[in-house]
Amino acid sequence: MRVVVSDSHEAMSERAAAEFAAAVAANPTATVMPATGNTPMEMYGNLSRLRREDGIDFSKLRIFQLDAYRGISPDDYRSLYRWMMTTLVTPLGIPQEQVVRLAGDAADPDRECAVFADLVRDAGGLDITILGLGPNGHLGFNEPPSPVDAPTRRVPLTPESMVSNAVYWGGEQNVPTEALTAGMDLLLAARAIYLVVSGERKREILARTIDGPVTPDNPASFLQQAANVTIFTDRAAWGDRPLP
Ligand code: PGA
């Protein structure tokens, strides 16, 4: 694991964007699975700026949706598909035809998951995943416990995730109780994995992710065994520990 500790969330977001842009310059048709959530939003804003100001071309990327709430249509303003489209895909000029949606509203979610995983494999796997870190150690919606080879599947949300997502749904009671998520198997096989983690609220789970036991109870701990992982973080999340 490579850990890059920046002074602030802003600096972390710039650094992660610069590294991603360099990776895209080297591989313009990369397959990418980007997280939603708050943490990568400023990184995505920086990517738009790099496109505008430095003319970086993101338009050939192929995008695979990381996770989706079950039963929520892609047009719903709370859908993770729409969030990804408005903050990343559209601003970067990536045509919609190059996006593979994970359809949370599919009539047969188990079949949807199998078809989606096959599409990732048919594309040759993922070049880059951009992940956030759940307060409970989830990656995407691979909620604990998730084994290292957990497939793309339907998952019940943990009470912790329902609490942390309540803000988007006007209260915990309105949060969907299930999600679909790209599996640990796909995420961990990516040729580059970026984990973006910021703020004091993530300090404990970040420490456990880097130094704690490798266990399904903290799915992010499997990153210790994955190839080519970079953790972009800030001092608030890193705490007082010696810098890497
Ligand atoms: P956050 O979400 O970036 O909004 O903190 C991370 C996650 O729960 O996966």
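Packing, taken as the mean count of other beta carbons within 10 Å per residue, orders the peptides 195-203, 17-25, 29-37, 89-97 from highest to lowest as 29-37, 195-203, 17-25, 89-97. For the stretch 45-96, the relative contact order is 42 percent, taking Cα pairs closer than 8 Å that sit 6 or more residues apart in sequence and dividing their mean separation by the residue count. Calculated mean residue ellipticity, 222 nm, the chain: -9500 deg cm²/dmol, from DSSP H runs (n ≥ 4) at -39500 (n - 2.57) each, averaged per residue and rounded to 500. Does the stretch 71-128 come out rounded, prolate or oblate by the C-alpha gyration tensor, with a ≥ b ≥ c the root eigenvalues, rounded set by a/c under 1.5 and, if not, prolate when a/b is larger than b/c and oblate if not? It is oblate, given that a/c is not under 1.5 and a/b is not larger than b/c. For the stretch 21-131, the alpha carbon positions stretch 43, 31, 22 Å along the principal axes, listed from largest to smallest.
Only Cα pairs under 8 Å and at least 6 apart count here; give the relative contact order of the chain as a rounded whole percent.
Worked out over the chain, it gives 25 percent.
Put simply, the stretch 156-236 fits an ellipsoid with semi-axes of 24, 17, 12 Å; these come from the alpha carbon gyration tensor as the roots of five times its eigenvalues, largest first. The label-point distance for GLU204 and ASN27, in a model that sets each label 7 Å from Cα toward Cβ, rounds to 3.6 nm.
With N set to the number of residues, divide the alpha-carbon radius of gyration of the stretch 8-55 by 2.2 N^0.38 Å and report two decimals.
1.11
When the convex hull of its Cα atoms is viewed from all sides, the stretch 119-210 shows a mean projected area of 6.4 nm². Length gained on full extension, ASP7 to ASN228: 77.3 nm, using 0.36 nm per residue less the C-alpha separation. Note: the chain, Cα convex hull, 114 Å³ per residue. The C-alpha radius of gyration of the stretch 171-217, expressed as a fraction of 2.2 N^0.38 Å, stands at 1.50.
Rule-based calculations on the coordinates, nothing more; no lab input. Note that the structure is predicted; figures quoted are calculated from it, not measured. Cβ sites come from the backbone with ideal geometry, for glycine too, and all protein chains shown count toward neighbours.
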